[in-house]
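Q: Mind having a look at this structure? Questions to follow.
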Amino acid sequence: MGQYLSTPSTEKHSEDGAGGIMEYGASAMQGWRLSMEDAHISNPSVADGRGVFAVFDGHGGAEVALFCEKHLTEELLNLAEYKEERFDAALTRVFHRMDEMILSPTYDKELEKLKKERPYGEKRVQNNDPPEDPPEADAEENDSSPKKADSDKAENSTGENNSEQDARGEEARNVRLQLEEGMQAYLQNLRDARSNAQANNNGQGTIILPYGRSEDDQKAAESNNEGGGQSNFPQNISFSYMLEEQQCNLPDHKITAGCTAVVALVVDREIIVANAGDSKAVLCRGGKAIGLSFEHKPFNDIEKRRIEAAGGFVSPAGRVNNNLNLSRSIGDLKYKGNKSIPPKDQMITSEPDICREKIEPEDEFMVIACDGVWDIMENQECVDFIRQRIGVPGKKLSEICEEIFTLCLAQDPKSTSGLGGDNMTAVIVRFKHE
């Protein structure tokens, strides 16, 4: 979840437009976060009445999200797959194309420049404006951002002052202490359970293994424990040992930032949505919310299997290699370096899921937003909120986005475990019917 500004930045940066069968409104708000890391695309007329709309939710820095905002549409239109009207393949290809471009030295200077850009004139922490600490009870971050070790490298490169870095270091120490206390209590419970099981079952109690032990290890341990012998579960296992068992040993990469991406291509009265991560697109059909995307989380079975096959692990807290709490994104190149497998099978992959939906006469609008919105609002709740306002004379679609942010913004994110404390970006696309 990270730290917060002492007061939220509630300035909204909004736009409205129209083209073809679509009109749109979009808005973005920094909120409580120390920086604005979202970006978006709103283009209803890319070619032949086709439109591209997207939200990119950045983490570890804004540069990858801003890079996608700048390059994705042009790259998409230039792909052979797009020109051949193989739109599913084109969207999939352009997600991986973003990774290829970010990795290329050709774009190093541009990415370095994007690290320093403040496209929305974001509010930054000053020496006399200390950031708020996160809730003590929340030892894990709630957003799609790297854990402390990764995010510090990205944020320090943007020139944070020493007081911020000191505060972050203190936060990390406090969180580690809380985790250690909790883990030691957990380990003691395991030892007590083992002792009780041995007493009640003549030494045949179940052996609970540290995370990461194989089935062969388990069989060997059970064999050693046959006949009432002493269990091999270590009596003095330390929290540091368990951390070592679940450490990320991947080499660092020059690009530490990443972003989730949800991209909607509107072609010939059809919506084709590609998404990687936990931002979402939702369609309003006759007042009913229709999901157009799938959230990708490390604990999903299909995601976990891919992560482990690529050499990674998912921590009990649902983090890839104990760092990222997302399983698909653009960027995050540290997790995409396994040369023996293709891009779609990497630990963190930019491979999107694709959803296609014909635009029916009862389809009113589509909303695309980052998880700063979806953490607070259910799909149907958001559709109802927009629907109540979309017919009000003179009300812009961007104003409705702004009102969504106002509703979702926490009074105090410390009291909500971070909910309502994230950056917020939304795009509403209204469909015209003859």
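Q: Could you list, in sequence order, all residues of the range 284-311 that are assigned to a helix (DSSP H, G or I), in contact with a strand residue (DSSP E or B) (Cβ under 7 Å, 6 or more places away or on another chain) and of a type in the set (A, V, I, L, M)?
A: Residue satisfying the conditions is Ile307 alone.
Q: Can you go through Ile354, Ile368 and tell me which one is assigned to a strand (DSSP E or B) and closer than 20 Å to Asp99 by Cα?
A: Ile354
Q: Based on this model, can you work out whether Arg328 counts as closer than 23 Å to Gly61 by Cα and touching a Ser or Thr at 6+ places or on another chain (Cβ under 6 Å)?
A: When the stated conditions are applied, Arg328 passes them.
Q: Among the residues of the range 264-279, write down those that are more than 13 Å from Val94 (Cα to Cα), touching a helix residue (DSSP H, G or I) at 6+ places or on another chain (Cβ under 7 Å) and at pLDDT 95 or above.
A: Val267, Ile272, Ser279
Q: Within the range 60-71, can you find the residues that are surrounded by fewer than 24 Cβ atoms within 10 Å (Cβ to Cβ) and of a type outside the set (D, E, K, R)?
A: His71
Q: Could you count how many residues in the range 90-118 are over 16 Å from Leu265 (Cβ atoms) and among the hydrophobic types (A, V, I, L, M, F, W, C)?
A: The qualifying residues number 5.
Q: Right, something else. Between a residue in the range 254-281 that is closer than 12 Å to Ile354 by Cα and any residue that is of a type in the set (Lys, Arg) and modelled with pLDDT of 95 or more, which pairs come within a Cβ distance under 6 Å, given they are 6 or more apart or on different chains?
A: Qualifying pairs under 6 Å: Ile272/Arg356; Ala276/Arg328.
Q: Do the conditions hold for Ala317, that is, is it among the aliphatic types (A, V, I, L, M), surrounded by 24 or more Cβ atoms within 10 Å (Cβ to Cβ) and under 19 Å from Asp375 (Cβ atoms)?
A: Criteria not met by Ala317.
Q: Find all pairs meeting these conditions: Cβ atoms under 6 angstrom apart; at least six residues apart or on different chains; first residue within the range 307-320 and free of Cβ contacts under 8 Å to residues at least 24 places away in the same chain and closer than 14 Å to Lys344 by Cα; second residue in a helix (DSSP H, G or I) and of a type outside the set (Val, Ile, Thr).
A: From the range 307-320, no pairs qualify.
Q: Moving on. Within the set of pairs 6 or more residues apart or between chains, which connect a residue that is closer than 15 Å to Val273 by Cβ inside the range 330-358 to a residue that is at pLDDT below 95 and β-branched (Val, Ile, Thr) with Cβ atoms less than 6 Å apart?
A: none
Q: Those residues that are assigned to a helix (DSSP H, G or I) and without any contact (Cβ under 8 Å) to a residue 40 or more places away in the chain, I need them from the range 385-403; list them, please.
A: Phe385, Gln388, Arg389, Glu403, listed by residue number.
Q: State all residues of the range 320-340 that are touching a Gly at 6+ places or on another chain (Cβ under 9 Å) and surrounded by fewer than 16 Cβ atoms within 10 Å (Cβ to Cβ); if no residue qualifies, say none.
A: Hits for the range 320-340: nothing passes.
Q: Another one. Can you tell me which residue within the range 15-59, out of those that are surrounded by 19 or more Cβ atoms within 10 Å (Cβ to Cβ) and among the hydroxyl-bearing types (Ser, Thr, Tyr), is nearest to Ile255 (Cα to Cα)?
A: Only one residue tops the list, namely Ser35.
The values are calculated or read from the model by the stated rules, or taken from the named source; none is laboratory data. Given the structure is predicted, the values throughout are model-derived calculations rather than measurements. Neighbour counts are summed over all protein chains in view; Cβ atoms, including those assigned to glycine, are modelled from backbone coordinates with ideal geometry.
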